[in-house]
Amino acid sequence: MTTIFEKIIAGEIPGDIVYRDELVTAFRDIQPLAPTHVLIVPNKPIPTVNDLTDADEALAGRMLHVAARIAAQEGIAEDGYRLIINCNRNGGQEVYHLHMHLLGGRRMGRMVMPPQ
Ligand code: DGP
């Protein structure tokens, strides 16, 4: 099933794209949780981090490297930021196209909520 992220990558629906190369695209989250909230996504549709294969190691590394480059572009590298990949239900994943959240521009607080 095609996700909303595939449509943004293909240019079929608008996205505030901040970076693109042959492996990944990065665009601003539509519901930002911090002054900087960018999603770094593979150009090809990989549903979750569980679905990465040996052949995707360069892609996975690129996602991390691009996140750091965007953090520098956004001026948040020195103060710091948080990178998050949610996986499946317990991870809170909502869109089943692998993506890394880059969050910064404010103190991010505790890493996870304590059990409710
Ligand atoms: P996750 O819970 O990790 O699957 O995060 C999905 C994120 O995707 C969530 O922060 C909101 C964002 N999102 C959902 N729909 C759209 C959209 O149409 N455009 C953009 N830019 N972001 C979206």
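The values are calculated or read from the model by the stated rules, or taken from the named source; none is laboratory data. Here the structure is a predicted model, which is why all the values come from computation and not from measurement. Cβ atoms come from the backbone with ideal geometry, glycine included; neighbour counts cover every protein chain shown.
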Give me the pairs, please: first residue somewhere in region 58-80 and in contact (Cβ under 8 Å) with a residue 40 or more places away in the chain, second residue anywhere and β-branched (Val, Ile, Thr) and part of a helix (DSSP H, G or I), beta-carbon distance under 8 Å, and either six or more positions apart or on two chains. none
Would you mind stating whether Ile8 is more than 25 Å from Val112 (Cα to Cα), crowded, with 17+ Cβ neighbours inside 10 Å, of a type outside the set (D, E, K, R) and near the ligand (Cβ under 9 Å from one of its atoms)? yes
Those residues of region 83-116 which are more than 10 Å from the ligand (Cβ to nearest atom), surrounded by fewer than 17 Cβ atoms within 10 Å (Cβ to Cβ) and closer than 22 Å to Asp21 by Cα amount to Leu83
When Met1 is evaluated against the numbered criteria (1) hydrophobic (A, V, I, L, M, F, W, C); (2) at pLDDT below 95; (3) crowded, with 18+ Cβ neighbours inside 10 Å, which criterion, by number, is the only one it fails? (3)
Could you say which residue among Asp79, Asp56, Asp16, Asp21 is at pLDDT 95 or above, acidic (Asp, Glu), away from the ligand (no atom under 13 Å from the Cβ) and in contact with a Lys or Arg (Cβ under 8 Å, 6 or more places away or on another chain)? Asp21
For region 61-76, which positions are assigned to a helix (DSSP H, G or I) and either within 16 Å of the ligand (Cβ to nearest atom) or of a type outside the set (Gly, Ala, Ser) (or both)? Arg62, Met63, Leu64, His65, Val66, Ala67, Arg69, Ile70, Gln73, Glu74
When Asp56 is evaluated against the numbered criteria (1) touching a strand residue (DSSP E or B) at 6+ places or on another chain (Cβ under 9 Å); (2) in a loop (DSSP other than H, G, I, E, B); (3) of a type in the set (D, E, K, R), which criterion, by number, is the only one it fails? (2)
Condition test on Gly105, is it over 20 Å from Ile4 (Cβ atoms) and in contact (Cβ under 8 Å) with a residue 60 or more places away in the chain? yes
For residues that are in contact (Cβ under 8 Å) with a residue 60 or more places away in the chain and among the acidic types (Asp, Glu), tally how many sit in region 1-32. 2
Counted residues, region 24-47 - those being in a loop (DSSP other than H, G, I, E, B) and either closer than 30 Å to Asp79 by Cβ or within 9 Å of the ligand (Cβ to nearest atom) (or both): 8
Restrict the check to region 82-99 and report whether at least one residue is out of contact with any Pro (no Cβ under 8 Å at 6 or more places or on another chain), at pLDDT 95 or above and more than 29 Å from Pro115 (Cβ to Cβ). no
Could you pull out the residue among Pro42, Pro35, Pro47 that is touching a residue at least 12 places away in the same chain (Cβ under 8 Å) and farther than 20 Å from Glu6 by Cα? Pro35
